[in-house]
1. Span-like helices, the chain: DSSP H, alpha-carbon axial extent 24 Å or more, mean Kyte-Doolittle -1.0 or greater, which ones?
2. What list of ³J(HN,Hα) values in whole Hz, one per residue of the range 400-407 in order, does the Karplus curve 6.51 cos²θ - 1.76 cosθ + 1.60 (θ = phi - 60°) give from phi, with Gly and Pro shown as x?
3. List residues of the range 77-102, by number, whose backbone nitrogen lies under 12 Å from a label position 7 Å along Cα→C-beta of LYS39.
4. Could you state the number of Å between the C-alpha centres of the range 405-437 and the range 1-66?
5. Rounded to a whole number, what is D in µm²/s for the range 375-493 from Stokes-Einstein with the Kirkwood radius over alpha-carbon pairs (25 °C, 0.890 mPa s)?
6. Direction-averaged shadow area of the convex hull around the Cα atoms of the chain, nm²?
7. What do the square roots of 5 times the Cα gyration tensor eigenvalues come to for the range 1-160, in whole Å, largest first, as semi-axes of the equivalent ellipsoid?
8. With both bridge residues required to lie in the range 24-125, what share of the DSSP beta bridges run antiparallel, to the nearest 5%?
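Since every read-out is calculated from the coordinates, none of them should be taken as a lab result. Just so we're clear, the structure is a prediction, and the values are computed from it rather than from any experiment. Neighbour counts are summed over all protein chains in view; Cβ atoms, including those assigned to glycine, are modelled from backbone coordinates with ideal geometry.
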Amino acid sequence: MVEMKLNAHEKKGTISRYLYGQFAEHLGRCIYEGIWVGKDSPIPNIEGIRIDVLEALKKLHIPVLRWPGGCFADEYHWMDGIGPASERARMINNNWGGVEENNHFGTHEFLRLCELLETEPYISGNVGSGTVREMQQWVEYMTFDGESPMANLRKENGQDKPWSLQFFGVGNENWGCGGNMRPEYYADLYRHYSTYVRNYGDNKVYKIACGANTDDYHWTEVMMREAGGLMDGLSLHYYTLPTGNWLGSKGSSTDFETNEWFSTMKNTLYMEELIVKHSKIMDKYDPEGRVGLIVDEWGTWFDVEPGTNPGFLYQQNTLRDALIAGINLNIFQKYSKRVKMANIAQVVNVLQAMVLTEGDNMLLTPTYHVFEMYKVHQDAELLDVAFESPLYTYGAQSIPQLSVSASINTDGAIHLSACNLHHAENTTVSCHIDGAEGKKVSGRILTHTSLNEHNTFEQPERVAPVNFEGVTLQNGHLQFEMPPASVVVLTLE
Ligand code: AHR
């Protein structure tokens, strides 16, 4: 039995809703097919955006959507993607499969998608192969209200009023696909490019600098030292691979044994160490915590589904992905003083997706369900939860078995999200609540007896949340029993 104490008096700051952000890149079937089918498609759409996916994503209350990449961003020239679709430039998507990109989904289409989703756009600008002028003009095009060459061009293209644009990334992975730069060089480029990312009128841009790959602490050190005062956010990218190794096979998304289940859990928990260590460097240069750590790419990365284009990064999504989602969201919440945004990669048909599509079929993944269950934490106050997790031991290695986070919302409802990482063992939690008078408890659980269970187009509801009956509330005391490999969200009102 795990003894837990939840202290509702001890509010530890707001959990930014932007921790629940998503990412949509021009990669494989994410944008084309997954989101954009075009106005003439037989698949029901609103102005070219498929309705089934749109409606499913709306239910997640996505707070922010990053676009157009990823690696694609540093080869993207935004002017190719405006004006009449038939006249737009065709290009090669060099990063992802070498396929043709017809630019039918561009700035107007993306910002329309954001309006329909009621989400904030987060645009990644091109530093690797774009000019300062190009970046300056893009921001002017989107946000300037008045008479100017770019505002006039926008109006000619049918958008009279400027959009509001809060988040802008100055390059992506500039240590790799975004130009193979050294941090010293990129820090200067960041200072240079970001100068021209202007605030027009009331539009205030939150500028995000390219941050480190995984444990490249030197990158964070240099960026904070040389450019920390000129940025609002610094990114971090970390993907969970079962093997932890980029060379060779990364492992199948569906065909795995308990050893890979364990190693995937272990590797994903590394996110906490990364956040702690990068934050420590940021604290040195920014003790007030003004600069946000923006984990704008995270999630699982497996081998692509057999028979699919290796450049399209299409993978299935099992109960294992659900656990990975829950664990990482709990970690981001724990460090929400510094972590101000996170964007799982990616929203549709790529890597750890929310939604998969095939023709006019669509399914919701186990990861989707976790985001839907956890959305109750968005903008709530983080609460202190004290407990000592039992260990999950596999061979000679051990990790914590339980991952937990709790919050209280403005109506006084408490939500507790818990993941049991163990592939075979239950865990029973006895949780004492201090400082809140909960009268009733309810909950939902996502689990399955088979670790690699997943939804298919034929059976799209094999893994879906159900009401959780295994919880009781007596005299301010919650008791619940979690089956192996499960994600639970409780509501105490
Ligand atoms: O999300 C897929 C790719 O992973 C992105 O394009 C890139 O930024 C990262 O390496």
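1. 258-285
2. Here the 3J(HN,Hα) series is x, 7, 10, 10, 9, 8, 9, 8 Hz.
3. From the range 77-102, the list is 84-86.
4. Centre-to-centre distance over Cα atoms comes out at 24 Å.
5. Answer, rounded: 159 µm²/s.
6. Mean shadow area of the hull around the Cα atoms is 22.5 nm².
7. The answer is 32, 20, 17 Å, longest axis first.
8. Within the range 24-125, antiparallel bridges account for around 55 percent of the total.
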